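Quick notes on the structure that follows.
The values are calculated or read from the model by the stated rules, or taken from the named source; none is laboratory data. As the structure is a prediction and not an experimental result, all values here were calculated from the model. Neighbour counts are summed over all protein chains in view; Cβ atoms, including those assigned to glycine, are modelled from backbone coordinates with ideal geometry. Heads up: the accessible areas ignore ligands, DNA and RNA and are worked out on the full protein's heavy atoms, side chains in. Shrake-Rupley method; radii C 1.70, N 1.55, O 1.52, S 1.80 Å.
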Amino acid sequence: MRKTLIDFISSIRNFLIEKFKAYDEKLPYIIFVVIALIIVVASINLFIELTDTLHTDMLANVDDQVTNYVISYRTPALTEFFIFMTDVGDLYGYLIVLTLYFLISRLIFKRWKYVLQTFLVLILASVSNMMLKRFINRARPGIEHMVSVETLSYPSGHAMSAMAFYGFLIYLCSRFKINKYLKAGLITLLVFIILSIGTSRIYLGVHYPSDIAGGYIAGLIWIVFCILIFNLIEIFRRDPKT
């Protein structure tokens, strides 16, 4: 994917140089970064739009309907599964996954750069989530909580971190040169984990569905932003024309 991105940016640069007779060959890269930032800003705007509707009757009705539908399926076995998934999306779950990820990267791929990148994405998502919670200050749902919670509600930290962490792993899986069936299986598993962690928070009564949606959107913003930054750094480092 990186080679494709490099070729794509180079083609944009050459096109602009030819058509507009640019005096500075860095201009196409600047334009590319601006376009990328526009995409990120558009995603941020979507998050803000959702945040602005938190106290509307329409969103409250949607939250209630979705929540009632999800908790209507409560069974002992399903409760045990979702408690497990919510633990996977907690601190100790990420520590275990990161440790396994580090060992696999060192022993198989012989590189730890991707572990560092993934860890950075997770940290950015976690820290920004705490800031957003304090700023927006939305209380938890008033229904029974099946697990203990101490922080505020919006956006969901579990959903935001899961999207950022496992979503970035999906991006990395798409880049690795591995068997296509193994790749498809890994990506499917990661998508399942993201959705299960988000659903678990509704099922356990500790989040509104809109909290989960907000968390997913915010996590996706960090994925897109970090992917762009990591790839542009690599391109600028390798291309002497930049």
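Numbers for the structure displayed
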item	result
Where Arg134, Arg175 fall by accessible area, highest first, once all protein chains stay in place (1.4 Å)	Arg134, Arg175
Global size of segment 86-180 as Cα Rg and Dmax, reported in angstrom	15.8, 49
Residue-level accessible surface for Ser72, protein heavy atoms, 1.4 Å, Å²	80
Area of Lys113 that stays accessible when all protein chains are in place (1.4 Å probe, Å², to 10)	60
Two-site label geometry, Ile83 and Asn61: point separation in nm, points 7 Å out along Cα→Cβ	3.6
Accessible-area value, Thr79, 1.4 Å probe, nucleic acids and ligands omitted, Å²	20
Rounded percent of accessible protein surface that carbon and sulfur make up, segment 106-187, 1.4 Å probe	65
Overall form of segment 97-152 per C-alpha gyration tensor (a/c, 1.5; a/b vs b/c)	oblate
